[in-house]
Amino acid sequence: MTTIKPSIAIIDDDESVREATTGLLRSLGYIAKGFASADEFLNSNRLRITSCLIADVHMPGISGLALFGQLRAAGNPIPTVLITAYPDEDIRARALSAGVSNYLIKPFSEKELLDSIEAATKH
Amino acid sequence: MQFRPRLQTMTQYLLPLMAIVLVAAIFVADTITDLEIAVPVFYTAVILISVRFCSRRGLVLVGLGCVALTLLSDFLTPESSSSETGIINTIISILAIIATTALVLRIDSAERAVYDARAQLAHVARVTALGELTASIAHEVNQPIAATVINGNASLRWLSADPPNLDEARVAIERIVKDANRAADVVGRVRKLARRAPAQKVLCDVNSVISEIITLTATELRKQYIALESSLSGDLEPIFADPVQLQQVMLNLILNSIDAMQGMPEGGRFLFIGSTKADSGGILVTVRDSGVGFEQAALDHIFDAFYTTKSGGMGLGLTVTRSIIEAHAGRIWVEPNNPRGAIFRFTLPPVTDEVKMPRAASLANKA
């Protein structure tokens, strides 16, 4: 693991989850920034420096999975951990086969989140 | 549920007065006249009037009182009562009084059974409607719980840092409190709707009833890509209504619109919810969608029980909706939306001076 913690973007339309996750990652020394939608993230200057995405599956506009696909198609496949409050086996299978690092169901534990981020950013 | 006509001031005082006057008249006629007819039979009219304002026990007492007065009359006029006709008349009268009391009590309990069954049906319909929201309600509760777990972890991290970052920990803990309240609010909203409580009319603000249901269904609307626009008039007077039943009406209409818009393209699902003053005084609520709408033939039947255009529907939602509105002395109707969809509108009457009086209000709730 590198000594400089990676920069992480949290994309979730739910303000509570977004702020909480951002706060937790900052408490662990990550550079973390929250976005309310995929569009907000895509239009930000964070696109290039983000080394890991934590994105909600169900969001108005572009979904977490669609965002991952879009970034990969554009040649910028940011390692992504999807989070969801609507567990769906089909979406999970589709996401993992598309190359998403992990699919976490809310509420997830700190360890699950950290392990996923570590696995996502290791490569 | 309140399907019985409410007690009005008139029936509160006028009917008992009528009954007393009638009792006195019959008693006097029976005692002082010597007619060859069974005058006390007319006591049955007293019983029929009493059913409008008496409890079951009261009715039994009225019946017994009538029998006692019949016997008292005979006692006061021994010469005419001892005749054969007199005795037969007395027996006929007493039998008539007892039979009438018994029948009235049976009819009353049958009516009660109907009201109870309707209330149960309304409750079942309400819980069924809530059932359609299960996934989004679970989501609604899950989000703040997820945030609470994460914030808890974050505050532990901030506290165990060296030196501890108390400011950051405080922020995380404040979020925990906020999220716990948010989850409790969701549960509270659902529990209020799921509870089987007797109908209770209170002065209530229609806009807050509507807002509550909009909040409850917001996640579902978002999940279904439905754009919601609401326009709630700021100068509505409170009305006299059962807030849970009005919420049920709003929930049914919104769920109906959600279903109607399921087949529409994602950019074409619009729901409008509005409240304004009605021309007749009172309040007019509008729920307009851009769904499939109804065929002209269906428009005449959509409020009928077991009439449904949905594959999985029971055909009870709109029936219950209408009976609730009617129990509130309101009116509900549907018209086609342009270019497509349906517009449901209902009115609720303004508060009359009568029900503003707390006594009348509490009596009305017992009806």
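Every read-out reported here was derived from the displayed coordinates using simple, explicitly stated rules and does not represent laboratory data. Bear in mind the structure is a predicted one, so any value in this text is a computation, not a measurement. Heads up, the Cβs are rebuilt from the backbone with ideal geometry, glycines too, and the neighbour counts pull from every protein chain shown.
Working from Cα positions, state the angle (0 to 90°, nearest 10) between the long axis of helix B:84-131 and the longest principal axis of chain B. The answer is roughly 0 degrees. For chain B, the Cβ-based charge dipole about the Cα centre amounts to some 880 debye (Lys, Arg positive; Asp, Glu negative; other atoms uncharged). Take the Cα of residue B:340, go 7 Å toward its beta carbon, and the backbone nitrogen atoms of region B:263-277 under 20 Å from that spot belong to B:263-273. Centroid-to-centroid, using Cα positions, region A:1-80 and region B:79-147 are 59 Å apart. Distance between the pseudo-spin-label points of residue A:119 and residue B:20 (7 Å out from Cα toward the beta carbon): 8.4 nm.
What shape does region A:7-122 take by its C-alpha gyration tensor, where a ≥ b ≥ c are the square roots of the eigenvalues and a/c under 1.5 counts as rounded, a/b above b/c as prolate, and the rest as oblate? Let's see the in-between values first.
Values: a/c = 1.23, a/b = 1.06, b/c = 1.17.
Rounded is the answer for region A:7-122, as its axis ratio a/c remains below 1.5.
In region A:59-115, a dipole from Cβ-located charges (positive for Lys and Arg, negative for Asp and Glu) runs towards its positive end, and of A:108, A:75, A:93 it is A:75 whose Cα lies farthest in that direction. Put a plus charge on the Cβ of each Lys and Arg, a minus charge on the Cβ of each Asp and Glu, and nothing anywhere else: the dipole of region B:142-262 about its Cα centre is then about 480 debye. Near residue B:232, the amide H atoms lying under 5 Å from its own belong to B:275; only residues 5 or more places off or on other chains count, and H is placed 1.01 Å from N.
Charges on Cβ only, +1 for Lys and Arg, -1 for Asp and Glu, centred on the Cα centroid of region B:9-128; of B:15, B:107, B:90, which one is farthest towards the dipole's positive end? So the residue we want is B:107. Based on DSSP H segments of at least four residues, each scored -39500 (n - 2.57), the protein assembly as shown has a per-residue ellipticity at 222 nm of -18500 deg cm²/dmol. Of all DSSP bridge pairs formed entirely within chain A, close to 0 percent run antiparallel. Partners of residue A:5 within straight-line reach, counting aspartates and glutamates whose Cα lies under 12 Å from its Cα and excluding those fewer than 8 residues away in the same chain: A:118.
Between 0 and 90 degrees, rounded to the nearest ten: what's the tilt of helix B:9-32 against the longest Cα principal axis of chain B? For B:9-32 against chain B, the angle is about 10 degrees. Considering only B:136, B:183, B:193, the residue lying farthest towards the positive end of the dipole of region B:132-194 is B:193, judged by Cα position with unit charges set on Cβ. A Förster radius of 60 Å, combined with the Cβ-Cβ distance separating residue B:134 from residue B:13, puts the computed FRET efficiency at roughly 0.75.
As a length-normalised measure over Cα pairs under 8 Å and 6 or more apart, the relative contact order of chain A settles at 21 percent. Can you tell me the orientation of helix B:56-76 relative to chain B, as the angle in degrees between its alpha-carbon axis and the longest Cα principal axis, to the nearest 10? That works out to roughly 10 degrees. In order along region B:280-287, phi translates into HN-Hα couplings of 7, x, x, 10, 10, 10, 10, 10 Hz, rounded to whole numbers, per the Karplus curve 6.51 cos²θ - 1.76 cosθ + 1.60 with θ = phi - 60° and x for Gly and Pro.
How much of the calculated P(r) for the protein assembly as shown lies past 38 Å, in percent of all Cα pairs? Let's see the in-between values first.
Working: 59235 of 119805 pairs.
That fraction is 49 percent.
In this structure, the pairs whose alpha-carbon distance is over 32 Å, taken from A:122/B:223; A:33/B:223; B:178/B:277, are A:122/B:223; B:178/B:277.
Can you tell me the dipole magnitude for the protein assembly as shown around its Cα centre, using point charges on the Cβ only (Lys, Arg +1; Asp, Glu -1), in Debye to the nearest 20? Working shown, then result.
Details: 45 positive and 50 negative charges, 211 e Å.
For the protein assembly as shown, the charge dipole is close to 1020 debye.
Couplings 3J(HN,Hα) of region B:232-239, computed from phi: 9, 4, x, 10, 8, 6, x, 10 Hz, in residue order, whole Hz [Karplus 6.51 cos²θ - 1.76 cosθ + 1.60, θ = phi - 60°; x for Gly and Pro].
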